[in-house]
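Chemist: One structure, pasted below without further comment.
Readers should treat all values here as calculations from the given coordinates under stated rules, not as data from a laboratory. Because the structure is predicted, anything quoted here is derived from the model rather than measured. Cβ placement follows ideal geometry from the backbone for every residue including glycine, while neighbour counts extend to all protein chains displayed.
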Amino acid sequence: MEKTLKKIPINRWIDMLAFVFILIFPLLGFKQFRVDFMCQVVAYIIFAISLDLLWGYTGLMSLGHAVLFGMGGYMIGICFQIQDGAPAFMTREGINEVPSFFLPLKNETVAFIVGLLLPTAFAVFLGFFIFKSKVSGVFFTIITLALAQIAKDFVANQQAYTNGFNGLQGILRYPVSGEPLSKIAYYYVVAAVAILVYVFCIFLTRSRFGKVAVSIRENESRVKFLGYNPAKFKIVIFAISGFLAGLSGLMYAPAMSSITIEEISVTASTFVLICIAVGGRGNLTGAIVGTLLIQWAKVLLSEQCANYWQLILGVILLLIIFFMPQGIIGKIINVQYSIKTRKSKEKILESEENISSVSLNNKQGDEEYGNSFTGG
Amino acid sequence: MATALLEVKNLSVEFSGFKAINNVNLKIEEGEVRVLIGPNGAGKSTIADLITGKTKPTAGSVFFKGVDITGKSPDEIAGKYKIGRKFQGPNVFDNMTVYRNIEIALSGYTTVWKSLFYRRTTEIKKKIKALLEQIRLYEIRDVMATELSHGQRQWLEIGMVIAQNPSLIILDEPTAGMTAEETFKTGEMIKELLGEHTVIVVEHDMDFVRQIAQTVTVLHQGRVLAEGTFEEIEKDPQVIQVYLKDD
């Protein structure tokens, strides 16, 4: 038992601590608005995990991931807007009946499922064209940047259907038998979903599939010569990541009770990328810890110094990235790795010495061989 | 006559007007060890690229076990037709442990579905252990590949190719950049491979070739200049001229 416990990497203990903290947070006696904010942060953790799969593990940096998040949020947002016929933002534009393509969304379950499937399908569609045509690296990032911009313009221009810059309000916490869930009940629903997502991602990243993803990040062209088709793997990972991003949007919007155009923008995507970078890429823990730290730092700093909190946060982020390029958790994992492999590394040196002694003996013993490689 | 394991027919490739490979014919039988030699720019690595699908030929074709594999994608050639390749590099996964590098190369789990439900069984563990011992890296299996010495990285990649369980192994300059000691060990390692596998070795170093070669093909400026046993090649006046001129 002790041996198996020792085998668990240090960051998995940090994960457990983080989740315990999340679970007991509402019991610590903070004011309600703090608990409300924590609920949004937990929803954001799901989002950060989904992006970590794509960026941290597979090396695909997306600047448009918030669009997939927004697809989840907007589906559930529209659902609550159309409960009592066409909402004000539609009638203002002369649409007095709920458009037929919105009607199925009136049912919450349908809206929820669409909120999951739409970003997944979108990721598959986009991934198919991007990865099959061998677009990779920075070009993937540029395409996602364009996507984010197009999506934002689309939502802004389709005011009659999306309420444009005003966003969608009045999103309820999934009413069961008429009444929306209480704030505390919803908090634990989001926390439970986050833990499920985390466990799923642990399974995924520990599987051979996850290791192939890492191999693609490390050396995509080499992966092909081992018989893998990297495009297929990237499409599947993008789809899973899209699904989880949609899920996080579906969790976030009711916690916030609204979803706005800002939350699908490049800025929103970048913010999550920063959270992951600060926490550390490609280990899930970094996404969780980074999101917790940055989101809370953001809100607490802005309360303390409303005018220049961005400046302070910016400097802190720069310092962290400068001194710990692999992020906080990445740094901790590296330290643990170098302690763990200290003995093995001594063996590298030993084996190198062995090579020398073996070949020296051989030079003397087997003259023909010795000649053959010193002759060149 | 039975079909050869690999047959290259009238293969040519052009890079913006420059004929890197010009009408090359090769026939490699099952169990054979073939060495491709030639001065820099002779087209040795380009032939490896053409066989493994990295480069598409402008003319000619490649047959593997009688099947035309010309222009197929690298992952199909590696996965379906089982041609394994070691690059000139060493070309390994830097930020992954030695163990994972070998594990990811194991054949038989290359589809998305199979990779999701792959389990590291005792049998697989034994296989990987034996392989790591063969390439002398078992003791340092939990170290990241990026921390290995140049020679150890070359061995790791040779190990990855063996893990693929290929029908044909192409080793592109397996001793490039190695110290004399490392070259010696690598020679030993490759000798272990011979006999069990069909191997094509691309080499630059004539002395290394002497140790391992059965049949040698000499390339020069994209053409086959000579083919025969090492002794025949050594005495060939054309080959001597090319090598004297270039070295």
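Chemist: I'm trying to understand the selection: among the residues of the range A:110-151, which are in contact (Cβ under 8 Å) with a residue 60 or more places away in the chain and among the hydroxyl-bearing types (Ser, Thr, Tyr)?
Modeler: A:THR120, A:SER136, A:THR141, A:THR144
Chemist: Can you confirm whether B:ASN95 is facing chain A (nearest Cβ under 7 Å), under 15 Å from the mean Cα position of the chain (by Cα) and in a loop (DSSP other than H, G, I, E, B)?
Modeler: For B:ASN95, the condition - facing chain A (nearest Cβ under 7 Å), under 15 Å from the mean Cα position of the chain (by Cα) and in a loop (DSSP other than H, G, I, E, B) - is not met.
Chemist: Any idea which of (1) under 29 Å from B:ARG210 (Cα atoms); (2) more than 13 Å from chain A (Cβ to nearest Cβ); (3) hydrophobic (A, V, I, L, M, F, W, C) is the one B:ILE51 doesn't satisfy?
Modeler: Among (1) under 29 Å from B:ARG210 (Cα atoms); (2) more than 13 Å from chain A (Cβ to nearest Cβ); (3) hydrophobic (A, V, I, L, M, F, W, C), the lone unmet condition for B:ILE51 is (2).
Chemist: Moving on to the next point. Against the condition away from chain B (no Cβ under 14 Å) and crowded, with 23+ Cβ neighbours inside 10 Å, how does A:SER265 come out, does it pass? Steps first, please.
Modeler: On the way: away from chain B (no Cβ under 14 Å): yes; crowded, with 23+ Cβ neighbours inside 10 Å: no.
In short, no.
Chemist: List every residue pair whose Cβ atoms lie under 7 Å apart, where the two residues are 6 or more positions apart in sequence or sit on different chains, the first residue falls within the range B:165-187 and is within 18 Å of B:ILE102 (Cα to Cα) and without any contact (Cβ under 8 Å) to a residue 60 or more places away in the chain, and the second residue, located anywhere, is outside any loop (DSSP other than H, G, I, E, B) and of a type outside the set (Phe, Trp, Tyr).
Modeler: Hits for this filter: B:THR186/B:GLN154.
Chemist: Also, quick follow-up: For the range B:7-43, which positions are within 15 Å of the chain's Cα centre (by Cα), outside any strand (DSSP E or B) and either surrounded by 22 or more Cβ atoms within 10 Å (Cβ to Cβ) or on the phi > 0 side of the Ramachandran plot (or both)?
Modeler: B:GLY31, B:GLY43, listed by residue number.
Chemist: Looking at the range A:1-60 only, could you name the residues that are surrounded by fewer than 21 Cβ atoms within 10 Å (Cβ to Cβ), aromatic (Phe, Trp, Tyr) and under 14 Å from A:VAL289 (Cα atoms)?
Modeler: A:TRP13, A:PHE19, A:PHE21, listed by residue number.
Chemist: If you don't mind, there's one more thing I want to ask. Which residues, counting only those in the range A:179-207, are small (Gly, Ala, Ser) and either surrounded by fewer than 17 Cβ atoms within 10 Å (Cβ to Cβ) or out of contact with any helix residue (DSSP H, G or I) (no Cβ under 9 Å at 6 or more places or on another chain) (or both)?
Modeler: Going through the range A:179-207, the residues small (Gly, Ala, Ser) turn out to be A:182, A:185, A:191-192, A:194, A:207.
Within the range A:179-207, A:SER182, A:ALA185, A:ALA192, A:SER207 meet the criteria.
Chemist: Across the range B:159-193, what is the total count of residues that are in contact with a strand residue (DSSP E or B) (Cβ under 8 Å, 6 or more places away or on another chain) and hydroxyl-bearing (Ser, Thr, Tyr)?
Modeler: 1
Chemist: If you don't mind, another one. Suppose we filter A:PHE243, A:PHE233 for residues that are within 24 Å of B:ASN101 (Cα to Cα), touching a residue at least 12 places away in the same chain (Cβ under 8 Å) and in a helix (DSSP H, G or I); which single one remains?
Modeler: Details: A:PHE243 fails: within 24 Å of B:ASN101 (Cα to Cα).
A:PHE233 is the lone residue from the list that is within 24 Å of B:ASN101 (Cα to Cα), touching a residue at least 12 places away in the same chain (Cβ under 8 Å) and in a helix (DSSP H, G or I).
Chemist: Identify, from the list A:LEU172, A:LEU147, the residue that is out of contact with any Lys or Arg (no Cβ under 7 Å at 6 or more places or on another chain), more than 22 Å from A:ASN107 (Cα to Cα) and among the aliphatic types (A, V, I, L, M). Talk me through it step by step, then tell me what you get.
Modeler: Numbers: A:LEU172 fails: more than 22 Å from A:ASN107 (Cα to Cα).
Only one candidate passes the filter, namely A:LEU147.
Chemist: For the range B:161-180, name all the residues that are facing another protein chain (nearest Cβ under 8 Å) and out of contact with any Gly (no Cβ under 8 Å at 6 or more places or on another chain). Before the answer, list the steps.
Modeler: Residues of the range B:161-180 that are facing another protein chain (nearest Cβ under 8 Å), as a first pass: B:164, B:180.
Residue satisfying the conditions is B:ALA180 alone.
Chemist: A further question on this structure: Among (1) touching a residue at least 60 places away in the same chain (Cβ under 8 Å); (2) at the interface with chain A (Cβ under 10 Å from one of its Cβ atoms); (3) under 29 Å from B:PHE18 (Cβ atoms), there is one condition B:HIS220 misses while meeting the rest; what is its number?
Modeler: Every listed condition holds for B:HIS220 apart from (2).
Chemist: For the range B:54-82, give me each residue that is at the interface with chain A (Cβ under 9 Å from one of its Cβ atoms) and either surrounded by 22 or more Cβ atoms within 10 Å (Cβ to Cβ) or closer than 24 Å to B:LEU194 by Cα (or both). Steps first, answer last, please.
Modeler: So the first thing to find is which residues in the range B:54-82 are at the interface with chain A (Cβ under 9 Å from one of its Cβ atoms), and the list is B:54, B:73-80, B:82.
Result: B:PRO74, B:ILE77, B:ALA78, B:GLY79, B:LYS80, B:LYS82.
Chemist: Taking the range B:152-183 as the search range and keeping residues that are farther than 22 Å from B:LEU36 by Cβ and over 14 Å from the mean Cα position of the chain (by Cα), which one is surrounded by the most Cβ atoms within 10 Å (Cβ to Cβ)?
Modeler: B:GLN152
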